[in-house]
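Some notes on the structure that comes next.
The values are calculated or read from the model by the stated rules, or taken from the named source; none is laboratory data. Values in this document were obtained by computation on a predicted structure and should not be read as measured data. Here Cβ is always computed from backbone atoms with ideal geometry, including for glycine, and neighbour counts include all displayed protein chains.
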Amino acid sequence: MSDLTNKRIVLGVSGSIAAYKSPDIVRRLQDLGAEVRVIVTNGGREFVSERSLQTISKNKVHDNLWDKEAELAMGHIELAKWADVIIIAPASANTIAKLCHGRADDLLSTVILATEAKIMIAPAMNQHMFASSAMKDNLQLLRKRGMLIIEPGFGEQACGDIGEGRLAEPSEIAKQAADLFTSSVLSGKNILITLGGTKESIDPVRFISNHSSGKMGMALAHACIQAGAKTTLIVGSISVNIEKRAEIIHVVSADDMYKAVMKKIKSQDLFISCAAVADFKPKTTNKHKIKKTDHSMTIKLTENKDILASVCQLETRPICVGFAAETENHIENAKIKLKNKMCDAIVLNDVSKTGIGLNSNDNEVHLITKNLSEKIEKNTKQIIAEKIIDKLANNFFQSS
Ligand code: C5P
């Protein structure tokens, strides 16, 4: 089943009686994992309360192009950039006509002009209006421009007529939005991903670990599942929700992670080593809690096995992808890692930059293989993950 985990959706609500269903659309989108912000037009406001939309979306409702405060917080350009998808539901005849002409006289139409996001239109109006030649031509024009029309249903209308023009069901609107992100580029493939940090025990209560949140690995998991792959996750210490559609194996230490990977690796087509595996562990783990006897102490460390390099050395092995967090000489260091670990691709993070990488919601990476070095510009980790998966599928699985 497709879903909208980590997706950002702007719901535009315009003037149709069906606007009373818009809080339910917000709910159905949230049920699939989306974060939703709502824009209401003047017409939309006549049919649904701003308070309902605000309470359910858990965000301020946007309604005014000229609101100075809103422009300071999240203005029309930011909203346009923020969205992965904009859904206008219900889309009134007037709003549809305005889109055709590229008008920008209210917040919704302006955001539509300013966005690069995918746009979905769910018309809702009287059957005769919907059947009119003007509406048919307008919808055809919007389709031609790449907008997706969510066809209205047939049935009894608010005005008492029976015909075509009822707003599609909220669950159907959410499903069609989720389907936008589904592909089959990895259908039939088995993918193993390690993610999160490992914990290396010093004694029963203390450990050495790192700041890894598991966000990037979990975003990759969503992307793999959306692309049709059977996905297994070997999960260390994380602070994100688990992708329920994957097979999950929890581990604590690097040794546990190594064993779990080796147990699963045979049947895999792709191994993505996204975990922040501790390079070292305490040489011995104290059986009892270490007492404070002195003002200083020394912990002797010993090297952990390199899981990625070990998988790469297997006689039969899947396509192997590693991550490299670098602070200087990024590309050169990543290329050295690609060679030393003998993997097929490295995803390079510049961890010296603020606002991306470890523990952050955004990332900016380079995908490096033997023949290619491609920058994937700053975006949410989910979008970055989808681009990585798309490129890996194209590079390594296209002809199989
Ligand atoms: O060598 P470095 O730790 O920078 O390499 C990072 C890559 O190697 C990541 O893909 C990480 O998951 C993997 N790795 C591993 N086992 C280790 C250390 C790193 O699989 N012990």
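Given the condition within 16 Å of the ligand (Cβ to nearest atom), within 28 Å of GLU243 (Cα to Cα) and not acidic (Asp, Glu), answer yes or no: does some residue in segment 183-192 qualify? The answer is yes, given that some residue of segment 183-192 is within 16 Å of the ligand (Cβ to nearest atom), within 28 Å of GLU243 (Cα to Cα) and not acidic (Asp, Glu).
Considering only residues that are over 20 Å from ASN210 (Cα atoms) and within 15 Å of the ligand (Cβ to nearest atom), which ones fall in segment 244-259? Correct list: LYS259 only.
Look at segment 121-133: where a residue is at pLDDT 95 or above and a partner is β-branched (Val, Ile, Thr), sitting 6+ places away or on another chain with Cβ atoms under 6 Å, you get ILE121/ILE88; ILE121/ILE149; ALA122/ILE150; ALA122/ILE173. So, in segment 310-329, how many residues would count as being more than 13 Å from the ligand (Cβ to nearest atom) and in contact with a strand residue (DSSP E or B) (Cβ under 6 Å, 6 or more places away or on another chain)? The number of residues fulfilling the criteria is 2.
Here is a yes/no grid of residues against (1) under 23 Å from the mean Cα position of the chain (by Cα); (2) within 12 Å of the ligand (Cβ to nearest atom):
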{"residue": "ILE242", "(1), (2)": "yes, no"}
{"residue": "PHE280", "(1), (2)": "no, yes"}
{"residue": "THR285", "(1), (2)": "no, no"}
{"residue": "LYS341", "(1), (2)": "no, yes"}
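Do we have SER296 as away from the ligand (no atom under 16 Å from the Cβ) and small (Gly, Ala, Ser) here? Against the criterion (away from the ligand (no atom under 16 Å from the Cβ) and small (Gly, Ala, Ser)), SER296 qualifies. For segment 159-168, state whether one or more residues are of a type in the set (A, V, I, L, M, F, W, C), touching a strand residue (DSSP E or B) at 6+ places or on another chain (Cβ under 7 Å) and in a loop (DSSP other than H, G, I, E, B). Within segment 159-168, one or more residues are of a type in the set (A, V, I, L, M, F, W, C), touching a strand residue (DSSP E or B) at 6+ places or on another chain (Cβ under 7 Å) and in a loop (DSSP other than H, G, I, E, B). Of all residues in segment 209-232, those that are closer than 25 Å to SER2 by Cβ and within 13 Å of the ligand (Cβ to nearest atom) total 4. Among the candidates ILE346, ILE336, ILE307, the residue that is within 11 Å of the ligand (Cβ to nearest atom) and without any contact (Cβ under 8 Å) to a residue 12 or more places away in the chain is uniquely ILE336.
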